[in-house]
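Have a look at the structure below, then the notes.
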Amino acid sequence: MSDSGAHLAIADRTTAAPLAGLVPDILRVDELTAGEPETVAPVEDGAVAVDNTAFIFYTSGSTGQPKGVAVTHRGVAAMAAAHVERLAASAGSRVLQVLSPAFDVSLCEMFTALFSGACLVFAGEEDLAPGAALTGTLNAGRITHASIPNSALALMSPDAVPTLRSLATGGEALPPDLMAAWARGRRMINIYGQTETSAAVTMSAPLTGGVPPIGRPIPGCRVYVLDGALRPVPQGAVGELYIAGIGLARGYTGRPGLTAGAFVACPFGAAGERMYRTGDLVAWNDRDELMFHGRADDQINIRGHRIEPGEVEGALVALPGVARALVTVDENGGDRRLVGYVVPEGVPEPGLTGALRERLRERLPAHMVPAALVLIDDIPLTPNAKVDKRRLPAPDRADRPTGRAPRTAREQILCGLFAEVLGLDRVGVDEDFLALGGHSLLVARLVNRILAVLGIEVPIRLVFEHRTVAGLAATLVPGGEPVVTEDPLAPVLPIRTGGAREPLWLIHPGGGTCWPYLGLAALLPADRPAYGIQAKGFDGKTALPDSIDAMVADYADEILAIQPTGPFHLMGLSFGGTLAHAVAAELQHRGHEVALLALLDGAPADYLMEQGPPTEAAIRDHYTEHLVGVADGADQREAVENAVAVLVNQTKLMRDFTSPSYRGDVVLFNAVPKSRGSSADRWRPHVTGAIRQHDIVSAHEELYRPGPAAEICRIIDAELRG
């Protein structure tokens, strides 16, 4: 506020208090009366030129004080005009505002729409979360043009957003495989720039294949690739990138020393002209495009934030108990995170690293607080007295105390998902996701994994409010207290035991577990218990069944052990529908009443075999991704192989199985528009009663997701009560 010289703040009840005293006048928009003029102190009129400051964006500073970058109107206009041209935006386009206005590249989105006459579409913060939420927003808004960071693209499927014709990305190095997937069938460009250079000064041509370039300068900007003596390097040689021209900022507001060090005299322009030293290493390729080759200094770029390790190291050394510190980057399976190495003063007190991270949070922005702190005896050096980063211990926190173990199947699965996303061997139920190194992008990744594995849609806000497994699991429990069962692969999975009505029995789909039904069960009325019947053999010890008939008889036994008398209510998805139909017929054969048989896009056995079974490789890939929280390390690999054996055996046995005849009505849910043919016609030879069809707009594999599941549960409840 001091740098800006602002005369007037527009505020409401929430924001007025912290602004008090910072500006001469505050206009309270929530107190205005229609037709009543508001009087504020007059401001002297002044002419505004295109080279005046348009805005000030702040970036981190080497002293800990943020640097305010003064950007001109001319630079913004050049950037936006180039963005419109490269993305081919027009009056018929629909541009999504993805980025926060606190991020300078957000102006590309705003002005791409304003300059082209396109429609600018806004969405709430949770609707822009990378993954399923952002995918849904792109489709619901029929978005044709968007700027999406690379890290967010990695959490989404290119085929899931068919309306998206033009895509801009940047901020971090673009992996070739990610680019190839997203550029197929659409215009995709790579953008490069810094706050000091109007956010975007080079843009690539539409990307096709190979290593993505960062492109050529936009009109009005000039770039130079120079050696240490400020001489241009030959094509193909790596040099440091300098930027000049109309995209250049005016400098750092009120910081002449910093401005002089970064905005240096340009030997290739008019007298007095400056150029910005980016610190980035690049080279010209044979198509006259720039290729990025990393940093010339120690500056780190993590999720679009430029971080100077020396600044974090200085903050660490200033804390009591720290003699020396070193900050570096851990890739952690592709997710770049800060790691701090601390040489303590004397014998470290217990819990020193946790205490240091808490103190850092009070002094530094969240993105500058290391995800992990590691205590070391000394900083390793090479024979040339340089830091030997190869000898630094990995930030392996497997030996840290994790507190309480999970008590329920849901907690165990969530512990596995927390550990997977954070890159840890294990996580206890009381450990804080953010304290373990989580950040907003990892939160988005976590909610996407919870949706994929458990079928539960968790708002990002909920993870920030309940940052432990215990806290989060408690919010996801349908109908009250969690059901205690330590084995998420138990033959019977108690999903909800409370309620006075007969339970709904959910038969496992092809994956063998009932985890996907956990979200669906949460949408059932609170008085309806729910249990899942899961495949046996995941432990590698229980003998696998020798026929589907034996499986069906065993599943009927498991149901009767908990509910000895009817009426019975059964439901199954896909292969689970095939089994639910057979179990219902078996219960009838034993003299019991079946009041409800619901099939979620299921089919008789003969039709399943016509579609062709999944390959063993596809089965292994499925379990590697979805079988989380049941084991660690080598045990996890053994669990996956046991699961593969279970499903391979089921597939083999299905060839000799014929779906029986069921006496009664069936409620059949079809996933449309992707279902082919009439599911009812396939079931008629195996059902004596009526088949009541309901078309649910969803892909087959998404019938248990929150949207379709809510409609399914509404219909099921009506059937049960009717």
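The values are calculated or read from the model by the stated rules, or taken from the named source; none is laboratory data. This is a predicted model, so every value here is computed, not measured. Virtual Cβ from ideal backbone geometry, glycine too; neighbours counted across all protein chains shown. Surface accessibility is based on the protein's heavy atoms, side chains included, excluding ligands, DNA and RNA. Shrake-Rupley method; radii C 1.70, N 1.55, O 1.52, S 1.80 Å.
Determine whether Val477 is within 24 Å of Met571 (Cβ to Cβ), touching a strand residue (DSSP E or B) at 6+ places or on another chain (Cβ under 9 Å), surrounded by fewer than 21 Cβ atoms within 10 Å (Cβ to Cβ) and modelled with pLDDT of 85 or more. Walk me through it before giving the result.
Working: within 24 Å of Met571 (Cβ to Cβ): yes; touching a strand residue (DSSP E or B) at 6+ places or on another chain (Cβ under 9 Å): yes; surrounded by fewer than 21 Cβ atoms within 10 Å (Cβ to Cβ): yes; modelled with pLDDT of 85 or more: no.
Judged against the criteria, Val477 is not a match.
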Verdict on Val672 being touching an Asp or Glu at 6+ places or on another chain (Cβ under 6 Å), surrounded by fewer than 18 Cβ atoms within 10 Å (Cβ to Cβ) and within 25 Å of Ala582 (Cα to Cα): yes
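Can you tell me which residues in region 75-94 are touching a Gly at 6+ places or on another chain (Cβ under 8 Å) and surrounded by fewer than 17 Cβ atoms within 10 Å (Cβ to Cβ)?
Step one: list which residues in region 75-94 are touching a Gly at 6+ places or on another chain (Cβ under 8 Å), which gives 75, 78-79, 90-91, 94.
Within region 75-94, Ser90, Ala91 meet the criteria.
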Check on Ala618, outside any strand (DSSP E or B), exposed (fewer than 13 other Cβ atoms within 10 Å of the Cβ) and aliphatic (A, V, I, L, M): yes
Residue count, region 1-12 (criterion: at pLDDT below 90 and open to solvent by 80 Å² or more (accessible area, probe 1.4 Å)): 3
Residue list for region 238-256, filter: surrounded by fewer than 16 Cβ atoms within 10 Å (Cβ to Cβ) and at pLDDT 90 or above: Pro256
Unique match (being open to solvent by 10 Å² or more (accessible area, probe 1.4 Å) and in contact with a strand residue (DSSP E or B) (Cβ under 8 Å, 6 or more places away or on another chain)) among Ala580, Ala595: Ala595
One residue from Arg705, Arg684 being surrounded by 15 or more Cβ atoms within 10 Å (Cβ to Cβ), out of contact with any Phe, Trp or Tyr (no Cβ under 6 Å at 6 or more places or on another chain) and of a type in the set (Lys, Arg): Arg705
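Can you confirm whether Gly612 is open to solvent by 30 Å² or more (accessible area, probe 1.4 Å) and either among the small types (Gly, Ala, Ser) or farther than 27 Å from Arg426 by Cα (or both)?
Working: open to solvent by 30 Å² or more (accessible area, probe 1.4 Å): yes; either among the small types (Gly, Ala, Ser) or farther than 27 Å from Arg426 by Cα (or both): yes.
Judged against the criteria, Gly612 is a match.
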Residue in region 259-310 that is modelled with the lowest pLDDT, counting only those that are more than 28 Å from Ile189 (Cβ to Cβ) and crowded, with 17+ Cβ neighbours inside 10 Å: Glu308
Residue under evaluation Thr497, criteria (1) among the polar types (S, T, N, Q); (2) within 19 Å of the chain's Cα centre (by Cα); (3) under 24 Å from Ala718 (Cα atoms), criterion not met: (2)
Selection status of Leu573, within 39 Å of the chain's Cα centre (by Cα), closer than 23 Å to Thr658 by Cα and buried (at least 24 other Cβ atoms within 10 Å of the Cβ): yes
Filter result (over 20 Å from His581 (Cβ atoms), open to solvent by 10 Å² or more (accessible area, probe 1.4 Å) and of a type in the set (Phe, Trp, Tyr)) within region 485-540: Phe538
Subset of region 541-570 [in contact with a strand residue (DSSP E or B) (Cβ under 7 Å, 6 or more places away or on another chain) and either aliphatic (A, V, I, L, M) or open to solvent by 40 Å² or more (accessible area, probe 1.4 Å) (or both)]: Glu558, Ile559, Ile562, Leu570
Spans of helices (runs of 4 or more DSSP H) in region 451-566 with at least 2 residues within 28 Å of Leu720 (Cα to Cα) and of a type in the set (Val, Ile, Thr): 548-562
